[in-house]
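Read the structure below first, then the notes.
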Amino acid sequence: MPVAITLHILSAVVWVGGMFFAWMALRPVAASLLEPPLRLPLWSKTFARFFPWVWTAVILLPASGYWMIFEVFEGMHNAGLYIHVMQVIGVIMIMIFLHLFFVPYRRMNRRSLPAISRRGKTSGCHTKTHRRQSHSRPDHHHCRLRRRLLGVVK
């Protein structure tokens, strides 16, 4: 049982704490220091690092929650109202995350990558140094394809 509680609490802290940090700390600082065209790549890269943790939480929170429900209460019929409310809130949060990930986040990435290319700013695959070093790297073909798709290399 201690493992289930630990996984449940850590998953909730990572997910909710990450959202709190992004909204209350990163957003205001980015808005005050960066011009709008530079904010989009910042958010895109930030979410690219944060969302794998959220996906982990989306799996671990319900799994550890149901583990505790069936271990402690021996099923949903013995669980209190607060457990049912927590379950509903969890399902709503998961649905909101799924929508945000598959709709606005993907749309944002489609817009931010060409914007980065047009400004001459580049991600790792596009730099001259990387082009020189990448012939021996296994991901070289991925980078070349990415550059071509972005219109950097003809």
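The values are calculated or read from the model by the stated rules, or taken from the named source; none is laboratory data. Here the structure is a predicted model, which is why all the values come from computation and not from measurement. A quick note on method: Cβ atoms are made from the backbone with ideal geometry, for glycine too, and the neighbour counts reach across all protein chains shown.
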Taking the conditions exactly as written (surrounded by 14 or more Cβ atoms within 10 Å (Cβ to Cβ) and either under 14 Å from the mean Cα position of the chain (by Cα) or closer than 20 Å to R110 by Cα (or both)), does F21 satisfy them or not? no
Here are some residues: A79, A57. Which one is crowded, with 17+ Cβ neighbours inside 10 Å and either under 19 Å from the mean Cα position of the chain (by Cα) or of a type in the set (K, R) (or both)? A57
Can F70 be described as over 20 Å from the mean Cα position of the chain (by Cα), part of a helix (DSSP H, G or I), surrounded by fewer than 16 Cβ atoms within 10 Å (Cβ to Cβ) and modelled with pLDDT of 90 or more? yes
Quick one: in segment 24-48, which of the residues that are small (G, A, S) and surrounded by 13 or more Cβ atoms within 10 Å (Cβ to Cβ) is modelled with the highest pLDDT? A30
